[in-house]
1. Take region A:194-221 and flag every residue that is modelled with pLDDT of 90 or more and either polar (S, T, N, Q) or surrounded by fewer than 19 Cβ atoms within 10 Å (Cβ to Cβ) (or both).
2. Given the condition away from chain A (no Cβ under 14 Å) and in a helix (DSSP H, G or I), answer yes or no: does some residue in region B:81-99 qualify?
3. Which one of B:ASN33, B:ASN8 is over 27 Å from A:ASP231 (Cα atoms), away from chain A (no Cβ under 14 Å) and more than 17 Å from the chain's Cα centre (by Cα)?
4. I'd like the residue in region A:223-249 that is within 10 Å of another protein chain (Cβ to nearest Cβ) and not in a helix (DSSP H, G or I) and, out of all such residues, is nearest to A:THR67 (Cα to Cα).
5. So how many residues does region A:96-143 have that are touching a strand residue (DSSP E or B) at 6+ places or on another chain (Cβ under 7 Å) and among the aliphatic types (A, V, I, L, M)?
6. Look at region A:106-120 and say how many of its residues are buried (at least 19 other Cβ atoms within 10 Å of the Cβ) and out of contact with any Phe, Trp or Tyr (no Cβ under 8 Å at 6 or more places or on another chain).
7. Tell me, yes or no, whether region A:611-626 has at least one residue that is touching a strand residue (DSSP E or B) at 6+ places or on another chain (Cβ under 8 Å), modelled with pLDDT under 85 and assigned to a helix (DSSP H, G or I).
8. Filtering region A:646-682 down to residues that are part of a loop (DSSP other than H, G, I, E, B) and at pLDDT 75 or above, which residue is nearest to A:TYR206 (Cα to Cα)?
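The values are calculated or read from the model by the stated rules, or taken from the named source; none is laboratory data. Keep in mind that this is a model prediction, so the values were computed, not measured. Here the Cβ positions follow ideal geometry from the backbone for every residue, glycine too, while neighbour counts run over all protein chains shown.
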Amino acid sequence: KNCVSGGPAPDENSSMSRVMCVSAAAGVLSSSVEQKIYVELNETVPCVRLLNATHQIGCQSSISGDTGVLHVLETESDLDWILSSGPHPPYMVIMETAFFNRSVMMRMKNSSRVAGVAVIVSKTGLADNFSPHTTCPNQNTGVYSASYGSDLANCNVTMWNPLGNGLSYEDFAFPVFALKDENQTQVIRKCYQDHNLRVNGSAPQYPLCAMQLFSHMHAATDTVTCMRRTDLQNRFSINPEVLCDPLSDFNVWTSTRPLNNSAKGHAANESVVIAATRLDGRSFFWEQAPSAEGTVSGIVTLLATIQALSPVTQEAPPPRNIFFSFFQGEAFDYIGSSKMVYDMERNDFVIDLNNVHSMLEIGQVGLRRGRSLWMHSDPVSRQNKSVDTESAAAGLNLTVDQPSVSQPLPPSSFQRFLRVRGIPGLVLADHNTSFNNRYYESLYDDAENLNVTYPPDLSPDEQLVYETDAAKSLAEVATLVARSLYIQAGGEKKNLNNITADPKIWFLHQHVSDCVRLLWFLGSGPPQFYIGLGPRIHGPVHSVTRFVQYILANLTGTVTNLTESQCQNPSEVNTENKDLFSYFWVSGPASVNNTGEPFCRSASVRLSKAVSPAFELLEYGSPNYSIIPQSRWKSIRARIFPMLTLGVGVAVLLLSLLVTYFISSKAELLFSSARETPATTY
Amino acid sequence: MNLERMPNEEKLSLCRRYYLGGFAFLPFLWLVNVLWFFKEAFLKPAYTEQPQIKSYIKKSAMGLILWVAVLTTWITIFQHFRARWGEVGDYLSFTIPLGTA
């Protein structure tokens, strides 16, 4: 519009203004041309590349995305069409849930006709079990090796995850995305049905619906190569590209008696019982890890234990301290626990291994069969009656059994402690031999897997405090653990009956329920427990770690009347001790008529760094520690569009060249103005 | 520069300068030499300086062919084996492609 002027422009300016007019119009119209062609798919989750000492695992796309003709994989004949008989390879496979298994994926991997896979994530058609993890989790970084219990190593005695298909540890040369949003999947299906369906057995004609997936990963080969290349980039390149980042986050720990955080190394006169569980999970796809039975069952049980123990340990404190720890990164070769043990060995932690009396770990405890809970111990270093659970179990609706004498420990953080010192300890689990969890470390290990169901007529607020069966079951386990820990710490048995876990722990204290609700619904859907890359890259601390830290502060801390600035600098206040406590400025409980005044809470809850010691020691090929970095990438997106043959594109190009030539040769006729212009030559 | 208008002695000295310059690891000078003076050396009627220009052109051409052979061989080997050389390959590379071995 800004080039429309009052009258005919003088000749010298006419062509210039016409050019500017066209280019201005083009600038306005070009974005909508792209929108007319491409439909961006926003609700997708990629599979990314991870490395270890010798291999790369995960998925990779080409640097400018992988494009393929859409085909929905619903039946076996579709599979043949994609892999051998379809006339328009490469295909972009939209995979129904039932087909996402090892055999189909390996056939896709070996075929050159597959450009990528988009998996529809839904419960319809879901197989009875699906675990993309390996059958023997963390087999090389546990305690059993050629030199310690060699006949127990590598799951010779018990295969812990027999349903595991190992897909998460395969290397795919094409992108694999997950489609989580039903509406978006409908859009894709509609595009497929409109254009790509076979009619009476004959192939569909162009234009066809195609999809393009971008997930180009920077890292390649293995950890040593990736870290070396990152190092070379940082030293010699003007614009360094980082290729991969170590997985890193924080462990959360607390103790019944506060420990002096600034005194590292051996703590005098402290004998500590460690109660531990894991804080993370994983699945085939990036940052997706609902991990209900695998992780949440343990976290909630330990939180309930802490809540159950806090009144008794104030009134009748046991002689030994109880140290509660939530280890992050255990899915990836025990990142958090190996780091804590490493720090303890080097006297870089508040306690060291000489302070540790024994250890009780909570494994997967959500899917108990009947009343039984199993205590796993290490046959090689087994000591009699390492933890007394019988008196703890008295009066509860549980029986605690021991598996057969020669069975090794399941994959657990306790194994990392055993690698260094023969500490007595137990791992509590709901399984005797293999896991009860049929969806271990997968997208489908969610609340439904734990049988968390509500009566249909409850509002979300009522659901928040409803005691489900799962909650009651976990509360029983928590009561057992709390009582066992109290006895183990030397407490008197007469106080045991006062220790009971509250099933409402599932959504915790009313004061915290708003915080929980905020975190729960802040992301879309339930919290995901993938470890992530830590504060350097991801901004502040991972949401789940923060969540557990603040809940612990709420459960075990005390309210102080410090102001905000005092809360942030408590060393200035005489009565407060920054070495023993950490201070949190939190908003108060919300109620109907006030929004909650903020206040300062002090608690002995701390975070400790969870990054594999191999990255600090710079031993990137180390077999002793986790060396799993995650690749970096530039952009990850997906889009669908109608695809025309190359011939049409070439024809359009030639036609436009012809038209341009024709117009330019007749330019004097087409563009001359009414006035005669003097012929000027330059 | 138009060779048509240059006297023959200047042509000879230009040709010689390009020939000598190419020894400083500059094979493109030899390439330019060959292409530029080819007509002068082989297609024009004879003149006094022509035999010397011819010899410079021939030597430049031989040097050029040698360089092309060596560079082609090295580039082929490097592109093929860089991934297999691991650490040595990375230290020899100026730009390492992302995401592939």
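1. A:GLN212, A:SER215, A:THR221 - these are the residues of region A:194-221 that are modelled with pLDDT of 90 or more and either polar (S, T, N, Q) or surrounded by fewer than 19 Cβ atoms within 10 Å (Cβ to Cβ) (or both).
2. yes
3. Working: B:ASN33 fails: more than 17 Å from the chain's Cα centre (by Cα).
So the residue among B:ASN33, B:ASN8 that is over 27 Å from A:ASP231 (Cα atoms), away from chain A (no Cβ under 14 Å) and more than 17 Å from the chain's Cα centre (by Cα) is B:ASN8.
4. Taking region A:223-249 and keeping what is within 10 Å of another protein chain (Cβ to nearest Cβ), we get A:224-225, A:228-229, A:231-233, A:236-237, A:241, A:243.
Cutting the leftovers down to not in a helix (DSSP H, G or I) gives us A:237, A:241, A:243.
On the way: A:SER237: 32, A:GLU241: 26, A:LEU243: 24 Å.
Taking the candidates together, the pick is A:LEU243.
5. Number of matching residues: 8.
6. Total satisfying the criteria: 1.
7. So the first thing to find is which residues in region A:611-626 are touching a strand residue (DSSP E or B) at 6+ places or on another chain (Cβ under 8 Å), and the list is A:611-612, A:615.
Still in the list and also modelled with pLDDT under 85: none.
For region A:611-626, residues touching a strand residue (DSSP E or B) at 6+ places or on another chain (Cβ under 8 Å), modelled with pLDDT under 85 and assigned to a helix (DSSP H, G or I): absent.
8. So, considering only residues that are part of a loop (DSSP other than H, G, I, E, B) and at pLDDT 75 or above, the one nearest to A:TYR206 (Cα to Cα) is A:LYS666.
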